[in-house]
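The values are calculated or read from the model by the stated rules, or taken from the named source; none is laboratory data. All figures in this text were calculated on a predicted structure; none of them were measured in a lab. Here the Cβ positions follow ideal geometry from the backbone for every residue, glycine too, while neighbour counts run over all protein chains shown. Protein only, heavy atoms only, side chains kept; ligands, DNA and RNA dropped before computing areas. Shrake-Rupley method; radii C 1.70, N 1.55, O 1.52, S 1.80 Å.
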Amino acid sequence: MARALIVVDVQNDFCEGGSLAVAGGAAIAAEISAQARSGEYAAVVATRDFHVDPGDHFSDTPDFVHSWPVHCVAGTPGASFHPSLDVARIEAVFDKGQFTAAYSGFQGAEPGQVALQAWLHHKGIDAVDVVGIATDYCVRATALDALGAGLSTRLLPDLCAGVAPESTDRTLAELREAGVTLR
């Protein structure tokens, strides 16, 4: 089994001090780096919110379900990976959400416009570990889409940061019930 690590949205705007910060985001960045260096992965990839003009995804009066404050705007420091995330092992970055809301890394593409699912398939990957920010939004969507793509999917909850304890707990239960392994 060839396993990849998918690092979801470990970006400045989602870590402490960012415009849409999730508590614990900075701490997991360093821990994810150690996991990426563990030697157990055939590939390490990352996803990135990378908004240009995502329409009503941004709002001055966000509902924090479908609309959000401005975050991860392409070309800004907020869209950059957190400095504690060692990007040396990351082979490809899949940007998502340029012109519309996008939560799953499987909605993204790398600069050559190859989608995440196609990239993993080309590399012979049949299993993934999913980590990152936020457990209850983009990590959730990415894990469910990985499962839907036929990949053996594990979530590493200790290497994820969620928006709120209640929604994170609901998400973990949902993922487990869907067939995602929690490690």
With angles folded into 0 to 90 degrees, how steeply does helix 25-36 sit against the dominant principal axis of the chain? Use alpha carbons for both and round to 10.
20
Can you list which of the trypsin sites (Lys or Arg not before Pro) found in region 1-89 are DSSP loop residues with at most 15 other C-beta atoms within 10 Å?
37
With +1 on each Lys and Arg Cβ and -1 on each Asp and Glu Cβ, and nothing else charged, work out how big the dipole of region 104-183 is about its Cα centre, in Debye to the nearest 20.
160
Between the helical axis of 165-178 and the dominant principal axis of the chain, each derived from Cα atoms, what acute angle in degrees is found, rounded to the nearest 10?
40
Go through region 1-66 and name the chymotrypsin sites (Phe, Trp or Tyr not before Pro) that are in a DSSP coil and have 14 or fewer other Cβ atoms within 10 Å of their Cβ.
64
Assuming a viscosity of 1.306 mPa s and a temperature of 10 °C, what translational diffusion coefficient in µm² per second does Stokes-Einstein assign to region 1-75, Rh being the Kirkwood radius over Cα pairs?
114
In the neighbourhood of residue 94 defined by beta carbon distances under 12 Å, the net charge of the other residues (Lys, Arg +1; Asp, Glu -1) is -4
Helix-only mean residue ellipticity at 222 nm for the chain, each DSSP H run of n ≥ 4 adding -39500 (n - 2.57), per residue, nearest 500
-7000 deg cm²/dmol
Here FRET efficiency (C-beta to C-beta, residue 122 to residue 87, R₀ 25 Å, nearest 0.05) is 0.75
Share antiparallel - DSSP beta bridges, the chain, percent rounded to 5:
10
If R₀ is 22 angstrom, what is the calculated FRET efficiency for the pair residue 67 and residue 170, using the beta carbon separation as r and rounding to 0.05?
0.60
Given all pairs of distinct Cα atoms, region 47-143 yields a Kirkwood Rh in Å of 14.2
Please work out the average accessible area per residue across the chain, using the 1.4 Å probe convention, and give it in Å².
44
Would you mind computing, in nm to one decimal, how far apart the modelled labels at residue 76 and residue 27 are, each placed 7 Å from Cα along Cα→Cβ?
2.7
Let's test the formula: R0 of 35 Å, r as the Cβ-Cβ distance of residue 42 and residue 16. What FRET efficiency results, to the nearest 0.05?
0.65
Between the alpha-carbon centers of region 44-58 and region 105-178, tell me the distance in whole angstrom.
15
If I stretch the segment between residue 1 and residue 158 completely, what's the gain in nm (0.36 nm per residue apart, minus their alpha carbon distance), one decimal?
54.2 nm
Connecting C-alpha atoms closer than 10 Å in a GNM of the chain, tell me which of 126, 63, 53 has the biggest fluctuation.
63
Let me see the pair-distance distribution of the chain: every alpha carbon pair, 5 Å bin width, integer percents in order.
1, 9, 19, 23, 22, 16, 7, 2, 0, 0
About its Cα centre, how strong a charge dipole does the chain have in debye, to the nearest 20, once Lys and Arg get +1 and Asp and Glu get -1 at the Cβ?
580
Selection from 161, 7, 80, by position along the positive dipole direction of the chain (Cβ):
7
Sorted peptide list for 115-123, 75-83, criterion being average Cβ within 10 angstrom, highest first
115-123, 75-83
